[in-house]
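Quick notes on the structure that follows.
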Amino acid sequence: MAATLLDLTQQGDVATISDESKLDKVKLLRPQQLYELWERQQWLSQEIDFSQDVEDWTNLTDEEREWFVWGMSAFFIGEERVTTQFSGLVMAYEDEQEEAFLTTQQVDEARHMQFFDRFYREVVGMRDADIRERLARVRRNVNDAFVKLFDEALVEAGQRLIADPTSVEAKVDFVTAYHMVIEGTLALTGQWTITDYWEKTGKMPGFLEGFKNVARDEHRHVAYGTWYLKRACAENGALADRVRATLGELLPIASGVLVPPGQDPNDWELLGYTSEQVNKFAFTALTRRLKVIGVPLVAAEPAAA
Ligand SMILES: [Fe+2]
Ligand SMILES: [Fe+2]
């Protein structure tokens, strides 16, 4: 048991445990522990050194630049969306420890948006605009699946929670969409390929440093979502069906967000990463979390949109 806890002390997220046999015994970090972890894991989005990145940017291949601009668009716009749509969950806290953790998550999301904005400004060179205009320009790159997930499903789930912060059903729906689908399945999967690529090539060190900090924060956020859903579903078994229904509805849409422009949604490839590899990574992480939550996934693998 102690060893299992140790595995979680850096990130909190059960998907980082590679030994599947440990999942049954895992002791999840609670909101107070996740809050304390946040205090130990501070970082400054405005002080990352982008000087090498500015040089690397001009020497990227056309394919790298095109892929990177497209991939970063979903992150920049996505972080803006999750920052503003988070307020309903802060209102739905059930005790002071959960309240403390949730406010840290909202600050994290704003910091992530600031990090990507600074990258677009200083490395990509979009200096002739303010943040709102940069967001509007970058938004042109996101696809229909992104709009459905972030502008429709997430916003609607947030509105239902704001309308009634005491509704357990609305909170479970929101956490499933936000923490399990958007953060756990989509963001951390995109982060895995992008981090892996720049680590292998040795380029974009400032971006990589900030992006790894973002991923560490996301693991902590997903750890909260796993803790919350486990507790909610243990108290009321009917909520497990709601979790499954939301996943069944949103996973195919999330899978569509990852499809590069102009490629076959069922069989695509980007800089050596195939849809099969990427979907397998996403599905493995989700399956581990759902096993711990006690809601094993019976729906189809989210490989094909
Ligand atoms: Fe984030
Ligand atoms: Fe997050």
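The values are calculated or read from the model by the stated rules, or taken from the named source; none is laboratory data. No experiment lies behind these values; they were computed from the predicted model shown. So basically every Cβ, Gly included, is an ideal-geometry build from the backbone, and we count neighbours across all protein chains shown. SASA here: full protein model, heavy atoms, side chains in, ligands and nucleic acids out. Shrake-Rupley method; radii C 1.70, N 1.55, O 1.52, S 1.80 Å.
General observations
- Cross-link pairs exceeding 19 Å between alpha carbons, from the set 27/291; 212/280; 22/291; 25/230; 230/291: 212/280.
- Rounded to the nearest 500, the helix-only mean residue ellipticity at 222 nm of the chain stands at -20000 deg cm²/dmol, with each DSSP H run of n ≥ 4 adding -39,500 (n - 2.57).
- Bridgeable aspartates and glutamates around residue 200 (alpha carbons under 17 Å apart, same-chain partners fewer than 8 residues away excluded): 53, 56, 63, 64, 209.
- Label-to-label distance, residue 60 versus residue 241, with points set 7 angstrom from Cα along the beta-carbon direction: 4.7 nm.
- A Cβ-based charge dipole, computed about the Cα centre of region 26-293 with Lys and Arg at +1 and Asp and Glu at -1, lands at about 600 debye.
- Modelled label reach - residue 47, point 7 Å along Cα→Cβ, region 114-145 residues with backbone N closer than 16 Å: 115
- 17 Å cut-off, amide nitrogen to a point 7 angstrom out along residue 212 Cα→Cβ, residues in region 47-67: 47-53
- Share of pairwise Cα-Cα distances greater than 28 Å in region 61-197 is 21 percent (whole percent).
- For the chain, the longest principal axis of the Cα atoms and the long axis of helix 238-257 meet at an angle of about 10 degrees.
- Accessible-area composition of the chain, carbon plus sulfur, in percent [1.4 Å probe]: 51 percent
- Evaluated at q = 0.09, 0.19 Å⁻¹, a Debye calculation over the C-alpha positions of region 173-305 (equal weights, vacuum) places log10 I(q)/I(0) at -0.28, -1.07.
- Percent of Cα pairs exceeding the 33 Å cut-off, where the set is the chain: 20 percent
- Working from label points 7 Å from Cα in the Cα-to-Cβ sense, the residue 69 to residue 97 distance is 4.8 nm.
- Options 192, 239, 83, ranked by Cα towards positive dipole end of the chain, top entry (Cβ charges): 239
- Peptide ranges 177-190, 32-45 listed from the most packed, as the mean C-beta count within 10 angstrom indicates: 177-190, 32-45
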